[in-house]
1. Quick one, can you get me the convex hull of the C-alpha atoms of the stretch 177-269 expressed as volume per residue in Å³?
2. Please list, ordered by chain and number, the residues whose modelled amide H lies under 5 Å from the amide H of Ile150; skip anything fewer than 5 residues away on the same chain.
3. Pairwise over distinct Cα atoms, reciprocal of the mean inverse distance: report the Kirkwood radius of the stretch 125-281 in Å, one decimal place.
4. Can you work out the Karplus-derived ³J(HN,Hα) for every residue in the stretch 409-426? Use 6.51 cos²θ - 1.76 cosθ + 1.60 with θ = phi - 60°, whole Hz, and x for glycine or proline.
5. So what is Rg over Rh here for the stretch 203-339, counting just Cα atoms and using Kirkwood for Rh?
6. Would you please calculate the Kirkwood hydrodynamic radius of the stretch 353-428 over all C-alpha pairs and express it in Å, rounded to one decimal?
7. Out of the total accessible area of the stretch 334-428 (probe 1.4 Å, heavy atoms of protein only), what percent is carbon and sulfur?
8. Can you list, bin by bin at 5 Å, the percent of alpha carbon pairs in the stretch 116-178, starting at 0?
Amino acid sequence: MNKSASLSLDEQKVELPVKEGTLGFDVVEVTSLSKLDVFTFDPGFMSTAACESKITYIDGEKGVLLHRGYLIKELCEHSNFLEVAFLLLYGELPTKAQAKQFNTDINLHTMVHEQLRYFFNGFRADAHPMAIMVGVVGALSAFYYDSLDITNPEHRRISAIRLIAKMPTIAAMCYKYSIGQPFMYPNNDLSYAENFLHMMFSTPCEAMKINPILIRAMDQIFIIHADHEQNASTSTVRMAGSTGANPFVCISAGIAALWGPAHGGANEAALNMLKQIGTVDRIPEFIARAKDPNDSFRLMGFGHRVYKNYDPRAKVMQQTCHEVLAVTGKGDSPLFKVAVELERIALNDEYFIQRKLYPNVDFYSGITLSALGIPSSMFTVVFALARTSGWISQWSEMVSVPNYKIARPRQLYTGATERDFVPMAERE
Ligand code: SDX
């Protein structure tokens with residue numbers, strides 16, 4: 001039986017269809033609401049579903065994250081990032097043959113056009129790597145005129161492969177440029193995560209020997225950052241894609257949105273916060289500031305629009321953090337001690353309990369990335385690298401459906417009503 005919601009406004013009444021998903025909340029379809037000459041009003045989209053999707057599902061109350069129905073914990077324990085990227089893109093875990101082919105496809109596209117290297121010279125050495133990423137990834141659209149027809153499934157497929165394959169290479173180039181070392185070419189004999197660490201830390205004089213536990217940790221970090229429903233940056237990618245813009249600039253728009261400290265920039269901000277706190281005895285001072293409505297300070301790495309329980313990714317991240325600190329001999333890291341104690345105090349404080357504020361994916365990722373030798377300015381770059389698999393999957397899901405609509409929200413107008421122009425001579 002089709003469910004519907006009734007809305008009465010003055011003497012008018014309209015029946016709004018209710019659509020049910022396989023999991024989660026039903027949605028009230030309000031498309032016909034404009035017949036009543038009214039719009040819905042929901043700044044920040046607190047209660048608004050902007051699209052239908054089959055890729056990722058989050059149960060915020062239970063702290064559950066599913067990618068195409070698979071628990072994030074299961075994927076972290078049993079899968080690897082390229083398998084998860086395949087799953088996000090195509091909806092199923094790859095067979096052995098499909099995984100082999102996907103790895104080969106990715107490996108054939110890990111290099112960037114040699115002329116792309118010249119883009120870096122336009123940036124100062126102290127340019128934030130995210131500023132470079134926004135520019136260089138968007139510029140990829142100037143190199144692939146052979147595959148910019150988004151109505152062509154093969155163009156969509158090769159663009160997804162190119163973006164997933166080249167993000168580690170471009171990310172590592174950002175780091176090498178910032179420290180004045182030569183760019184490292186990808187080595188396709190290595191796994192995706194190992195190749196990234198190789199391009200980050202090897203030099204032409206010496207290939208970096210990387211502990212397999214650290215390679216696995218890097219791959220886990222990529223998996224837990226891969227996709228997360230319609231977050232701000234994914235919604236940005238979808239909005240840009242709804243105009244028919246090419247996938248490279250849509251991903252560049254997503255990178256720009258991710259940079260904000262309320263979103264993907266929180267991992268860099270969280271580590272800077274832990275450094276600012278410095279020692280366990282200073283934690284109460286910062287907890288007090290986070291609770292003070294007159295102080296804009298927030299505990300970075302805490303809270304989430306959807307999770308009102310522990311972010312399941314933070315649990316994986318905490319475990320990975322332990323492993324990396326142990327292998328790198330930083331187990332007694334004062335920052336980790338501050339993080340664990342800060343989490344313990346916050347989770348027992350009424351302010352955080354009442355607001356259901358728990359650590360999110362960014363709380364432990366900064367310490368882990370730092371222990372891997374990755375500078376804090378590169379943390380959100382790593383996030384963008386991994387999230388490209390989710391962004392391009394969400395973009396592809398949207399543009400693969402014929403006659404999708406351009407995203408064009410309306411507004412509540414509270415500005416001036418019509419008035420006559422005032423000549424300069426009559427203005428005070
Ligand atoms: C990511 O959307 C996603 O899925 C994002 C992400 C992904 O994978 O794509 O999960 C990645 O962005 C994780 C979030 C990273 N951001 C941070 O860690 C920054 C710190 N967190 C906050 O700024 C905040 O929690 C948000 C932005 C994450 C969520 O903000 P909301 O949903 O708009 O909630 P809110 O700001 O309305 O806060 C509700 C209350 C407020 O207090 P009151 O007005 O009720 O008194 O909780 C308080 C806030 O002041 N609050 C915090 C807090 N977060 C919320 N107080 C102290 N410290 C915090 N971190």
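1. Values: hull volume 12.8 nm³, N = 93.
Each residue corresponds to 138 Å³ of Cα convex hull volume.
2. Long-range HN contacts for Ile150: none found.
3. Numbers: mean 1/r = 0.0575 Å⁻¹.
After inverting the pairwise mean of 1/r, the radius is 17.4 Å.
4. Once θ is set to phi - 60°, the couplings for the stretch 409-426 become x, 9, 8, 9, 8, 10, x, 5, 7, 4, 8, 6, 5, 10, x, 3, 4, 9 Hz.
5. On the way: Rg = 18.2 Å, Rh = 17.7 Å.
Ratio of gyration radius to Kirkwood radius for the stretch 203-339: 1.03.
6. Numbers: mean 1/r = 0.0534 Å⁻¹.
Across the stretch 353-428, the inverse of the average 1/r is 18.7 Å.
7. Numbers: 2800 of 5170 Å².
Within the stretch 334-428, the accessible surface is 54 percent carbon and sulfur.
8. Per 5 Å bin, starting at zero, the Cα-Cα P(r) for the stretch 116-178 comes out as 3, 17, 27, 21, 14, 10, 6, 2 percent.
The values are calculated or read from the model by the stated rules, or taken from the named source; none is laboratory data. It should be emphasised that the depicted structure is a prediction, and the values quoted were computed from it without experimental measurement. Here Cβ is always computed from backbone atoms with ideal geometry, including for glycine, and neighbour counts include all displayed protein chains. What goes into the accessible areas is simple: the full protein's heavy atoms, side chains included, and nothing from ligands, DNA or RNA. Shrake-Rupley method; radii C 1.70, N 1.55, O 1.52, S 1.80 Å.
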